[in-house]
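Participant: Just dropping this structure here.
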């Protein structure tokens, strides 16, 4: 690497610098607009280092866009909070979702995933498997709905719609709506999809 103008030798931060550049470009440019070379250019490394650390573009995408949360912990916290407060699970879950979407790190990851899924079939297949295994499956298991995967998928479509409208397209007034207003409207939707419509139906 020595002698390559504008580049720096690999060091302890090289992998992190590549990941940071990749995460930004996937979120801002989308999957098709991001290349190994463009990531390497921003990180100021040789493109071969990108593949050395991460493999293919698809491997790199999934490595940097693993959600910055532990989904199982989110579901457990929502269930415990609903049980302790007596509030409907759907409302508690909706509040967690709204707060997450307004967290810059999660918002960037979620919007990047959605952009990639909408524009690149190969990325869409990876994301679909990721969502099924890491999010929908664990959620349905915790609320006792393993035999009804459609409920989980519909709830996930609601979250995806929020990501699109709130973060990607930024449809007014959604990005600046009050948290309580969003929870009041979204809570019954999540309750219906994930738990049921009866007033006493809780996980």
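Participant: All but one of (1) assigned to a helix (DSSP H, G or I); (2) out of contact with any helix residue (DSSP H, G or I) (no Cβ under 9 Å at 6 or more places or on another chain); (3) modelled with pLDDT under 90 hold for residue 181, so report the exception by its number.
Facilitator: The one condition residue 181 does not meet is (3).
Participant: I'm checking my understanding of the structure. Among residues of the stretch 25-57 that are touching a residue at least 40 places away in the same chain (Cβ under 8 Å) and within 16 Å of the chain's Cα centre (by Cα), which one is surrounded by the fewest Cβ atoms within 10 Å (Cβ to Cβ)?
Facilitator: Selected residue: 30.
Participant: Further, regarding this structure: Would you list the helices (runs of 4 or more DSSP H) that sit entirely within the stretch 13-93 and hold 2 or more residues that are on the phi > 0 side of the Ramachandran plot?
Facilitator: Counting at least 2 such residues, we get no helices (runs of 4 or more DSSP H) at all.
Participant: Take the residues of the stretch 141-155 that are in contact with a helix residue (DSSP H, G or I) (Cβ under 6 Å, 6 or more places away or on another chain) and without any contact (Cβ under 8 Å) to a residue 40 or more places away in the chain: which is farthest from residue 109 (Cα to Cα)?
Facilitator: Step by step, filter the stretch 141-155, then rank; the result is 146.
Participant: Let me ask another. Before we move on, is residue 100 part of a helix (DSSP H, G or I), in contact with a helix residue (DSSP H, G or I) (Cβ under 6 Å, 6 or more places away or on another chain) and surrounded by fewer than 21 Cβ atoms within 10 Å (Cβ to Cβ)?
Facilitator: Yes: the conditions hold for residue 100.
Participant: Restricting attention to the stretch 103-130, which residues are assigned to a loop (DSSP other than H, G, I, E, B) and either modelled with pLDDT of 80 or more or within 11 Å of the chain's Cα centre (by Cα) (or both)?
Facilitator: If the condition is that a residue be assigned to a loop (DSSP other than H, G, I, E, B) and either modelled with pLDDT of 80 or more or within 11 Å of the chain's Cα centre (by Cα) (or both), then 103 is the only one that fits.
The values are calculated or read from the model by the stated rules, or taken from the named source; none is laboratory data. Quantities reported herein were computed from a predicted structural model and do not represent experimental measurements. Quick reminder, even Gly has a Cβ in these numbers, built from the backbone with ideal geometry, and neighbours come from all protein chains shown.
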